Amino acid sequence: MTPYKLLLLPGDGIGPEVMGEAGRIIAWINARGLAKIETETDLVGGCAYDSHGQAISEATMSKALAADAVMLGAVGGPKWDGVPYDQRPEAGLLRLRKDLDLFANLRPAICYPALADASSLKRDRVDGLDIMIVRELTGGVYFGEPKMITDLGNGQKRAVDTQVYQTSEIERIAIVALDLARERKRLVHSADKRNVMKTGVLWNEVVTKLHKERYGDVTLHHILADNCAMQLVRAPKQFDVIVTDNLFGDMLSDEAAMLTGSLGMLPSASLGEADAKGHRRALYEPVHGSAPDIAGKGAANPIATIASLAMCLRYSFFLGETADRIEAAISKVLDQGLRTADIAQDSCCTVGTKEMGEAIVAALDRGE
Ligand code: IPM
Ligand code: MG
């Protein structure tokens, strides 16, 4: 059995707690002989800054580059509000994305039937919801230069961020979205702001051309990003795959996630280009952040991280069947009425992080 090298970067806040539960599932997979996953744990974010003055060290970057996949918990928190901008906890995550060239961020928003009532929308709007947001992750305004604040010397300052995209960057993310759509409902919405932004004009042009030349079997709709945000709360089930740029994807994915009941449920995969063997560099992380308000209390929801591990098994280790089993076990535990505080319901039993992880392992053991 080929051993897989998985680098675990729990990070800050609730990161270590939720990653601990992913570790529990990894131990179960190894013990069952379903795979051989060798893990190593390292620092990223505020904890890395505290330990060596950088949000991610060169040594950790080398390990990330050498690993078959990386799993990250969360970064950031008020403790690091005052650290220099370049060393803020988020810089560690952004460097991982950029240096591993993880341009394709997959954020599925799936509404588990048991949780439809936890959504802020009415049950009939979200029951059975299954959207895949494909967010461009290494370009756009996140990384564009110039990016600076200049002192104008007259008591005024001027801040600049640069939104920049070139054809190849748009093309490669659109290919990921259109390919994914072929395994789903063959429907893609491409969201941009071509009515005010040149990057939107180019985005639209490139996606249209690619679709016309190679994806006649997929339905493509162009949608303005603000309208997309509105439609997501009006009638979310009209969407299958949404492809969009880095900044719009950041916002639309938080919005889509909340439709499913809680940000604590949503996993993500960030993928690079496939090599000759079909292997992609990859980072898996829950969409939620470090939630400093509940950190250390054992109350965080580990489901998003466990579901991120399932994505890792599917996309990096080609263990789709084990991934299916983990997702089914999550569903089962929710059906049984177990809830963490973020998805608490009157008729259900509220449990902590550890109990939720243990319940998922128990469901796996029962082969459910
Ligand atoms: C996300 C987060 C990050 C982002 C932050 C932590 C830098 O919000 O992954 O969505 O803006 O991309
Ligand atoms: Mg975000």
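Values for this structure:
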| read-out | value |
| --- | --- |
| Point-charge dipole on Cβ atoms (K/R +1, D/E -1) for the chain, about Cα centre, debye to 20 | 600 |
| Kirkwood Rh (inverse of mean 1/r, distinct Cα pairs), region 111-263, angstrom | 16.6 |
| Under 19 Å from the Met1 label point (7 Å along Cα→beta-carbon), backbone N, region 18-40 | 22-40 |
| Between region 201-215 and region 278-339, the Cα center-to-center distance that results, in Å | 33 |
| Along principal axes, Cα extents of the chain, largest first, whole Å | 59, 50, 46 |
| Between region 68-142 and region 221-267, the Cα center-to-center distance that results, in Å | 12 |
| Fraction of antiparallel bridges per DSSP, region 111-263 only, in percent to nearest 5 | 25 |
| Directionally averaged shadow of region 129-175, computed from the convex hull of its alpha-carbon atoms, nm² | 5.1 |
| Three-way shape label, region 1-51, alpha-carbon gyration tensor, a/c 1.5 | oblate |
| In Hz, Karplus ³J(HN,Hα) per residue of region 27-39 (6.51, -1.76, 1.60; θ = phi - 60°; x = Gly, Pro) | 4, 5, 4, 5, 5, 7, x, 6, 6, 10, 10, 9, 10 |
| Value of [θ]222 nm, deg cm²/dmol, for the chain, DSSP H segments ≥ 4, -39500 (n - 2.57) each, nearest 500 | -12500 deg cm²/dmol |
| Charge tally in the Cβ shell below 10 Å around Ser119, where Lys, Arg are +1 and Asp, Glu are -1, Ser119 excluded | +1 |
| For region 111-263: relative contact order, % (alpha-carbon pairs under 8 angstrom, 6 or more apart) | 36 |
| Average Cα contact separation per residue, the chain, under 8 Å, 6 or more apart, as relative contact order % | 21 |
| Region 254-265 - phi-based ³J(HN,Hα) in whole Hz, Karplus 6.51/-1.76/1.60, Gly and Pro as x | 5, 5, 4, 4, 5, 4, 7, x, 7, 5, x, 9 |
| Asp342 accessible area, assembled protein chains, probe 1.4 Å, Å² | 70 |
| Peptides ranked, highest mean first, by Cβ atoms within 10 Å: ranges 129-138, 75-84 | 129-138, 75-84 |
| The chain: antiparallel DSSP beta bridges as a percent of all, rounded to 5 | 40 |
| Over region 1-131: Rg over Rh, Cα atoms, Kirkwood Rh | 1.05 |
| Over region 134-223, volume per residue of the alpha carbon convex hull, in Å³ | 98 |
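The values are calculated or read from the model by the stated rules, or taken from the named source; none is laboratory data. Just so it is clear, the model here is predicted, and its values are computed rather than measured. All Cβ positions, even for glycine, are placed from backbone atoms using ideal geometry, and neighbour counts span all protein chains on display. The protein model used for the area step is the full one, side chains on, heavy atoms only, and it has no ligands, DNA or RNA in it. Shrake-Rupley method; radii C 1.70, N 1.55, O 1.52, S 1.80 Å.
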